[in-house]
Amino acid sequence: MTTEEHNRTLGIMHLVYGGFHALLMLMMLAIFIPIFTLGATHGRDPNGAVFMTIFMSVIFLFWAAFSVPSFVAGYGLLKRKSWARVWGMIAGGMAGMSFPLGTALCVYSFWFLCGEQGKALYEKPSTPFSGYQPGVLHGAPQPADWGARQRDYTYAPPPPPSSWRDE
């Protein structure tokens, strides 16, 4: 596979993984919301329904925290955004906690994004300008032997300051 194909495959896999988690979250909410409302309408334990609603909200936020990075990474990888490599590693690390599919996605994410192909695809050059040389004014004419000259400087101490008393 080429680098572009690996990148596209990884982006699709992150979107599928995030969609799978979102689907499971919605199915869990569809099952438990009627159960909580039935418990609250019978009036047996209204505090229990409130507790379970808060508990399900925390689980919903926890589940969203695991699925949102996969969506962001999948989108960024497919669009080749500059931040996609970082989000791919974050989403891959979080997916690694879910065995076996998440672990496989984690291994593939880190193999590609930390390997030579992923680095070459997403890393920028270390300097903002091509041909940048520190200390050189760009666009200004420079001598042909700029930087090749070695200057020999000898230290000459400064003259002593004059005294106001001598005047």
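What follows draws every value from the coordinates through simple rules; no lab data is involved. Given the structure is predicted, the values throughout are model-derived calculations rather than measurements. Virtual Cβ from ideal backbone geometry, glycine too; neighbours counted across all protein chains shown.
Some points to look at:
- Residues TRP111, TRP87, TRP63 arranged by fewest to most Cβ contacts within 10 Å: TRP111, TRP63, TRP87
- Peptides 156-165, 71-80 ordered by average Cβ neighbours within 10 Å, highest first: 71-80, 156-165
- Take every Cα pair under 8 Å whose residues are at least 6 apart in sequence, average their separation, divide by the length of region 3-122, and the relative contact order is 32 percent.
- Residue order, fewest to most beta carbons within 10 Å, for THR154, THR53, THR2: THR154, THR2, THR53
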